[in-house]
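Reading through the structure tokens given below for one structure.
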Amino acid sequence: MEKKIPKPVVKRLGLYYRCLNRLYEEGIEFVASKDIAERLGIKSSQVRKDLSYFGEFGKRGVGYNTYELMNSLEKIIGVNKIWNVVVIGAGNIGSALVSYEGLKKEKFNIIGIFDADRSKVGKKIGKLQIKHISEIEEFFKKNIVEIAVIAVPENAAQLVVEKLEELGVKGLINFAPIKLRTKLPVEDVDITLSFKALSFKIERSLK
Ligand SMILES: NC(=O)c1ccc[n+]([C@@H]2O[C@H](COP(=O)([O-])OP(=O)(O)OC[C@H]3O[C@@H](n4cnc5c(N)ncnc54)[C@H](O)[C@@H]3O)[C@@H](O)[C@H]2O)c1
């Protein structure tokens, strides 16, 4: 793929993929960009434009073949691949993520969880046993790990990231409420921001 795909488009591809998956499960063979757009609450011109980055999928009047489009997106966004994930921090967020089956279904496989608190080490969350953070180098020697989740307190996050970068992780999901200094791709998960955005929408709808 020669064209550089803008970040917001890449994000939406994941949404399209999930939407198509659902449509396919519902037995819907062909789908128009209008239907995808309606389900996702975005403009159909946006859907058409986003998908046009990847050549012509759709047929005028008929729409897209759900299965074919799903497969094409699968190749583009890499959902065919299984991604190995480690979680750093076995607190509220880290433990909840490890217990969440939905990630595995989407091929994000959590293979390790690490914490600095020795009293947590050895305890199990589902099938995974919490390891001490000092074991992480050894773990990376034995396993291919692409993604790390930062679920440690704000003041510990930067140092943890520097270590992970050194170990060769490819990307980060960051729950800590700070801007990380790193060359790696990062997705910040800011729950507070979602609440703020929602309260803004509610206030606007009440006016
Ligand atoms: N709980 C929430 O609703 C929420 C929401 C949004 C963001 N966050 C953020 O997500 C992060 C995690 O939140 P939480 O509620 O799970 O926190 P938590 O305190 O429950 O868990 C953090 C864990 O990280 C471990 N830890 C500390 N330093 C470490 C290090 N250097 N290496 C490895 N482990 C280390 C701690 O021992 C603890 O088990 C925080 O930065 C928090 O601000 C939390």
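Odds and ends about this structure:
- One residue stands out among those in region 91-107 that are small (Gly, Ala, Ser) and without any contact (Cβ under 8 Å) to a residue 60 or more places away in the chain: the one that is surrounded by the fewest Cβ atoms within 10 Å (Cβ to Cβ), which is Gly102.
- Between Leu164, Leu172, Leu184, the distinction of being under 21 Å from Glu137 (Cα atoms) and assigned to a loop (DSSP other than H, G, I, E, B) belongs to Leu184 only.
- Scoring Ala96 on the criteria (1) in a helix (DSSP H, G or I); (2) under 19 Å from Asp190 (Cα atoms); (3) touching a strand residue (DSSP E or B) at 6+ places or on another chain (Cβ under 7 Å) leaves a single failure, condition (3).
- Here region 115-150 is the region considered, the condition is being in a strand (DSSP E or B) and without any contact (Cβ under 8 Å) to a residue 60 or more places away in the chain, and the residue that is nearest to the ligand (Cβ to nearest atom) is Asp115.
- Leu172 vs. criteria surrounded by 15 or more Cβ atoms within 10 Å (Cβ to Cβ) and farther than 21 Å from Lys104 by Cβ: no
- Taken together, the residues in region 1-28 that are at pLDDT 90 or above and not in a helix (DSSP H, G or I) amount to 1.
- Residue within region 180-203 that is in contact with a Ser or Thr (Cβ under 8 Å, 6 or more places away or on another chain) and at pLDDT below 95 present: no
- Residue within region 91-110 that is away from the ligand (no atom under 16 Å from the Cβ) and within 19 Å of Leu167 (Cβ to Cβ) present: yes
- Condition check for Thr182: hydroxyl-bearing (Ser, Thr, Tyr) and within 15 Å of the ligand (Cβ to nearest atom): no
- Test: residue in region 75-83 that is more than 16 Å from the ligand (Cβ to nearest atom), over 13 Å from the mean Cα position of the chain (by Cα) and free of Cβ contacts under 8 Å to residues at least 24 places away in the same chain: yes
- Restricted to region 178-206, and to residues there that are among the polar types (S, T, N, Q) and surrounded by fewer than 10 Cβ atoms within 10 Å (Cβ to Cβ), the residue that is farthest from Ala148 (Cα to Cα) is Ser205.
The values are calculated or read from the model by the stated rules, or taken from the named source; none is laboratory data. All values derive from a computational prediction rather than experimental measurement. We place every Cβ from the backbone using ideal geometry, glycine too, and count neighbours over all the protein chains shown.
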